[in-house]
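In what follows, a single structure is set out as structure tokens and then discussed.
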Amino acid sequence: MNYIKPCTRKFNNLVTLTAPKPHIHVDASIIKTGFDPNTYRSNFLVSTFLQRGDLKGARKLFDEMPHKNIFSTNTMITGYIKSGNLSEARTLFDSMFERNAVTWTMLIGGYAQNNRFREAFGLFVEMGRHGIDLDHVTLATLLSGFTEFDSVNEVRQVHVHVVKLGYDSTLVVSNSLLDSYCKTHNLELACRLFNDIPERDSVTFNALLTGYSKEGFNHEAINLFFKMQEVGYRPTEFTFAAILTAGIQLDDIEFGQQVHGFVVKCNFVWNVFVANALLDFYSKHDRLVETRKLFYEMPEVDGISYNVLVTCYAWNGRVKESLQLFRELQFTGFDRRQFPFSTLLSIAAISLNLDMGRQIHSQTIVTDAISEILVGNSVVDMYAKCGKFGDANRVFADLAHQSSVPWTAMISAYVQKGLHEDGLKLFIEMQRAKIVADAATYASIVRACASLASLTLGKQLHSHIIGSGYISNVFSGSALVDMYAKCGSIKDALQMFQEMPIRNSVSWNALISAYAQNGDGDRTLRLFEEMVRSGLQPDSVSLLSVLCACSHCGLVEEGLQYFHSMTKIYKLVPKKEHYASVVDMLCRGGRFDEAEKLMAQMPFEPDEIMWSSILNSCRIHKNQELAKKAAEQLFNMKVLRDAAPYVSMSNIYAEAGEWDNVVKVKKAMRDRGVKKVTAYSWVEIKHKTHVFTANDKSHPQMRDIMKKLDELEEKMVKQGYKPDSSCSLHNVDEEVKVESLKYHSERIAIAFALITTPKGSPILVMKNLRACTDCHAAIKVISKIVDREITVRDSSRFHHFKDGFCSCRDYW
């Protein structure tokens, strides 16, 4: 018997490779090579190079092979697929004269694994045209790639092929089909298929269970979990992961603790996948103690375990511990691509720490984690929130084609930075690019409309959301409630809330905040109590709206009761904004001693907002001594948002006639380099926004506006209106002071609205700063003269004027 000589040729200057000695029993590999020993030997060497990760060496050997077969090319294609080089794999595939089902299935699987379902489906269609027989492996491989919402039609087409070929009774195919329906958000067809599967296994149950939990059908998921136990299927790690996801959304900590006990009973606590699901559950319930305890008790941890705890620390404001644990993670051997870069980028974004953000961005590039859509979006979000829109756009350009998420990140950042028009422009670009907006996109863009108080645009978006099918989404609905409220249409806000099919704490908070902004303290408190009676647990946002309403409406005692209830009844820890609201409430009521006492007791240093509240209230209550103390605290701060404290103190001195001190304060303001924010008002008429500043003469219809103001002034005097010249804080003659009041920006806007809108129609005016007390008194009289409802939304709240009255209890 002639033995084949071993190969001793060197390739790429690597170690000498030797083919295995032949055996009497011929193996499957040599059969695939057509019993050609040289081809068999070369195929073996190509596989060995690929196993070592030497793709270049494998390709060089492959190109030098004198006789290749399908097995040779399939091996090389597999190497390219595993390395992520799908374009080279496709080029090699296209160059083949002969392909078998394995060739087609491999490339379909490559596309499927890389979330390129359209290419995978196109290849599947082409495979059928070439007359290649489809088997259960090809069908299951293709189905594993369907994850997009808009691919449900393709899944249905594959389903037809499954039935036609008789594979609907093959469990692995049925399970893959069920999973695909769930991943493409078609639970109706998924449930129908589940009921039609004659023999199920735990994989079948897990697929539907995961689908239920991801779509928010949490009670259905739990019922299916119990049914699974009844029919005798043992839960797997995927069962526990799905049921814990449902528990997170139900916000039921006791349910999760019961599942935790069942995990221990089933001896799955050693399974790192299940333990991570438990970590995630406790983390998302803000149970930091339990999360940390479980992490350090786990017999095995991985990179995901670290990620969860790092994120949990960050969510709970423990940034120092979060960063410390991340440094510890960097010294482990876990996959650096899976590091919690998104969390760290969020920390950088929230703290506006650009240096930290750039460092994390560098790490994402080095580890290639930047290619992950979530990480890329977080980089965009970080730069945008830090105001570096140029850097954000460069990263965004590489991600924009992938999904709606990077678009939403950019739109959201524009809106948060107050660049509402830019956010709207980008949304229009998104529509032109045919990128389908999601619920988060709509929530962000509706917020832009709310900030601009553009009711017309808001209603257009409302129609758009209905057409997109997201109107039933609780976050889209809540954003619309907020938008209508901020556009002064509390009636539409209430109707939107009542039409929502599902309401959670977010939607209730939106309505409570709506009434708080509109200065209706009684209705705000009634809604809060109604929310509690409905069984929902109020959160910190709910209480903040209540406290703001109490502050603006003078309900000091009620506000203090709700503040104390946070810890005593609702087990909530008051945040800085809650203390700031109570301080503002006490100061508005002239209870300065209590405000100072609360600031001394709170676990935070008083910030700019708190001292500004004191300063503004001191002006109202003529408390110049405390005003000086508050001003000194503000002037000594390293960073100030604007010149408001200097302006307020200057106004206090001006009202007291201390013009020398006014000059000193203004000089200090100039020396520091801070500028006074220009007051402006705007009104939307016939889909166009008109902006006015005090004494503004640039508007093309200014002559008609001034004529209207003179006409109103004459009628106002007859109604008993007397100008409050103390609101004109300039060292000029009394007559000049009175004349300047007439041309405040909100009055110009109202006059313009009166000459351009039908008689009797309501008027909505927006102002970026607080309206003065004289304008407040003047608008009350104007509303009676013109017999119109006039709403002014300034920086503090809404003021509804009608028949000479205002909805505010008092104007502080």
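The values are calculated or read from the model by the stated rules, or taken from the named source; none is laboratory data. As the structure is a prediction and not an experimental result, all values here were calculated from the model. Note that we place each Cβ from the backbone using ideal geometry, even for glycine, and neighbour counts take in every protein chain shown. For the accessible areas, the whole protein counts, side chains as well, though only heavy atoms, and no ligand, DNA or RNA atoms are used. Shrake-Rupley method; radii C 1.70, N 1.55, O 1.52, S 1.80 Å.
Would you confirm, using the coordinates I've provided, whether V264 is open to solvent by 40 Å² or more (accessible area, probe 1.4 Å), outside any helix (DSSP H, G or I) and β-branched (V, I, T)?
So V264 fails the test.
What's the number of the only condition in (1) hydrophobic (A, V, I, L, M, F, W, C); (2) touching a residue at least 24 places away in the same chain (Cβ under 8 Å); (3) surrounded by fewer than 19 Cβ atoms within 10 Å (Cβ to Cβ); (4) assigned to a helix (DSSP H, G or I) that I466 fails to meet?
The one condition I466 does not meet is (2).
I'm checking my understanding of the structure. Among residues of region 43-72 that are part of a helix (DSSP H, G or I) and over 21 Å from M106 (Cα atoms), which one is modelled with the highest pLDDT?
It comes out as K60.
If a residue must be out of contact with any His (no Cβ under 8 Å at 6 or more places or on another chain), assigned to a helix (DSSP H, G or I) and within 18 Å of V792 (Cβ to Cβ), how many such residues does region 494-521 contain?
3
Filter region 397-430 down to the residues that are open to solvent by less than 20 Å² (accessible area, probe 1.4 Å) and more than 16 Å from the chain's Cα centre (by Cα) and list them by number.
Within region 397-430, L399, A400, L426, M430 qualify.
Of the residues that make up region 431-451, is at least one more than 19 Å from M500 (Cβ to Cβ), touching a Ser or Thr at 6+ places or on another chain (Cβ under 7 Å) and open to solvent by 10 Å² or more (accessible area, probe 1.4 Å)?
The answer is yes, given that some residue of region 431-451 is more than 19 Å from M500 (Cβ to Cβ), touching a Ser or Thr at 6+ places or on another chain (Cβ under 7 Å) and open to solvent by 10 Å² or more (accessible area, probe 1.4 Å).
Among the residues of region 229-261, count how many are touching a Lys or Arg at 6+ places or on another chain (Cβ under 9 Å), open to solvent by less than 50 Å² (accessible area, probe 1.4 Å) and more than 23 Å from G535 (Cα to Cα).
1
Could you go through region 282-292 and let me know if any residue there is among the basic types (K, R), farther than 26 Å from K385 by Cβ, open to solvent by 60 Å² or more (accessible area, probe 1.4 Å) and outside any helix (DSSP H, G or I). Lay out the reasoning, then the answer.
Step one: list which residues in region 282-292 are among the basic types (K, R), which gives 284, 287, 292.
Restricting the remaining residues to those that are farther than 26 Å from K385 by Cβ gives 287, 292.
In the following step, the residues that additionally are open to solvent by 60 Å² or more (accessible area, probe 1.4 Å) were identified as 287, 292.
Remaining after also requiring outside any helix (DSSP H, G or I): 287.
Checking region 282-292: at least one residue is among the basic types (K, R), farther than 26 Å from K385 by Cβ, open to solvent by 60 Å² or more (accessible area, probe 1.4 Å) and outside any helix (DSSP H, G or I).
Scan region 375-389 and give yes if some residue there is assigned to a loop (DSSP other than H, G, I, E, B), under 28 Å from S476 (Cβ atoms) and open to solvent by 70 Å² or more (accessible area, probe 1.4 Å), otherwise no.
So far as region 375-389 goes, no, none of its residues is assigned to a loop (DSSP other than H, G, I, E, B), under 28 Å from S476 (Cβ atoms) and open to solvent by 70 Å² or more (accessible area, probe 1.4 Å).
Which of the residues spanning region 736-765 are of a type in the set (S, T, N, Q) and free of Cβ contacts under 8 Å to residues at least 40 places away in the same chain?
S761
Taking the conditions exactly as written (under 27 Å from the mean Cα position of the chain (by Cα) and in a loop (DSSP other than H, G, I, E, B)), does G256 satisfy them or not?
Numbers: under 27 Å from the mean Cα position of the chain (by Cα): yes; in a loop (DSSP other than H, G, I, E, B): no.
Answer is no for this residue.
A778 passes all but one of (1) of a type in the set (A, V, I, L, M, F, W, C); (2) free of Cβ contacts under 8 Å to residues at least 40 places away in the same chain; (3) open to solvent by less than 40 Å² (accessible area, probe 1.4 Å); which number fails?
The failed condition is (2).
Could you please give the count of residues in region 138-160 that are open to solvent by 70 Å² or more (accessible area, probe 1.4 Å) and either modelled with pLDDT of 85 or more or part of a helix (DSSP H, G or I) (or both)?
6
Got a number for residues in region 319-342 being open to solvent by 20 Å² or more (accessible area, probe 1.4 Å) and under 24 Å from Q416 (Cα atoms)?
Of all residues in region 319-342, those open to solvent by 20 Å² or more (accessible area, probe 1.4 Å) come to 319-321, 323-324, 327-328, 330-338, 342.
Pick out the ones that are also under 24 Å from Q416 (Cα atoms) and you get 319, 342.
Here the count works out to 2.
Open to solvent by 60 Å² or more (accessible area, probe 1.4 Å) and in contact with a Leu (Cβ under 9 Å, 6 or more places away or on another chain): which single residue out of E605, E596, E577 fits that description?
Of E605, E596, E577, the one residue that is open to solvent by 60 Å² or more (accessible area, probe 1.4 Å) and in contact with a Leu (Cβ under 9 Å, 6 or more places away or on another chain) is E577.
Name every residue in region 542-572 that is under 26 Å from R503 (Cα atoms) and either in contact (Cβ under 8 Å) with a residue 40 or more places away in the chain or assigned to a loop (DSSP other than H, G, I, E, B) (or both), in order of residue number.
Hits for region 542-572 are I569, Y570, K571, L572.
Output the number of the condition that G303 fails; it satisfies all remaining conditions of (1) open to solvent by less than 20 Å² (accessible area, probe 1.4 Å); (2) modelled with pLDDT of 90 or more.
Looking at each condition in turn, G303 falls short on (2).
Quick check: anything in region 532-541 among the charged types (D, E, K, R) and outside any helix (DSSP H, G or I)? Talk me through it step by step, then tell me what you get.
So the first thing to find is which residues in region 532-541 are among the charged types (D, E, K, R), and the list is 533, 539.
Then keep just the ones that are outside any helix (DSSP H, G or I); that gives 539.
Looking through region 532-541, at least one residue is among the charged types (D, E, K, R) and outside any helix (DSSP H, G or I).
Looking at S403, S362, S351, S371 in this structure, which one is among the polar types (S, T, N, Q), closer than 24 Å to S478 by Cβ and without any contact (Cβ under 8 Å) to a residue 60 or more places away in the chain?
Being among the polar types (S, T, N, Q), closer than 24 Å to S478 by Cβ and without any contact (Cβ under 8 Å) to a residue 60 or more places away in the chain holds for just one of S403, S362, S351, S371, which is S403.
Just wondering, is there one or more residues in region 178-186 that are part of a helix (DSSP H, G or I), more than 24 Å from V436 (Cα to Cα) and not small (G, A, S)?
Within region 178-186, one or more residues are part of a helix (DSSP H, G or I), more than 24 Å from V436 (Cα to Cα) and not small (G, A, S).
If you take the residues of region 610-639 that are among the polar types (S, T, N, Q) and touching a residue at least 12 places away in the same chain (Cβ under 8 Å), which of them is surrounded by the fewest Cβ atoms within 10 Å (Cβ to Cβ)?
Kept after step one, since they are among the polar types (S, T, N, Q), are these residues of region 610-639: 612-613, 616-617, 623-624, 633, 636.
The next check asks that each one be touching a residue at least 12 places away in the same chain (Cβ under 8 Å); those that pass are 612-613, 616-617, 623-624, 633.
Values: S612: 22, S613: 23, N616: 22, S617: 25, N623: 19, Q624: 16, Q633: 18.
Checking each candidate, the answer is Q624.
Which one of V665, V674, V647, V683 is surrounded by 13 or more Cβ atoms within 10 Å (Cβ to Cβ) and assigned to a loop (DSSP other than H, G, I, E, B)?
That would be V674, the only listed residue that is surrounded by 13 or more Cβ atoms within 10 Å (Cβ to Cβ) and assigned to a loop (DSSP other than H, G, I, E, B).
Within the group K708, K718, which residue is modelled with pLDDT of 85 or more, of a type in the set (K, R), more than 42 Å from the chain's Cα centre (by Cα) and loosely packed, with under 15 Cβ neighbours inside 10 Å?
K718
Considering region 478-493 alone, what residues qualify as being outside any helix (DSSP H, G or I) and free of Cβ contacts under 8 Å to residues at least 40 places away in the same chain?
Within region 478-493, S489 is the sole residue that qualifies.
Looking only at residues that are open to solvent by 10 Å² or more (accessible area, probe 1.4 Å) and touching a helix residue (DSSP H, G or I) at 6+ places or on another chain (Cβ under 7 Å) in region 520-536, which one is modelled with the lowest pLDDT? Working first, answer last.
Quick first cut of region 520-536, residues open to solvent by 10 Å² or more (accessible area, probe 1.4 Å) only: 520, 522-523, 525-526, 529-530, 532-536.
Then keep just the ones that are touching a helix residue (DSSP H, G or I) at 6+ places or on another chain (Cβ under 7 Å); that gives 523, 525, 536.
Details: R523: 91, L525: 93, L536: 85.
Taking the candidates together, the pick is L536.
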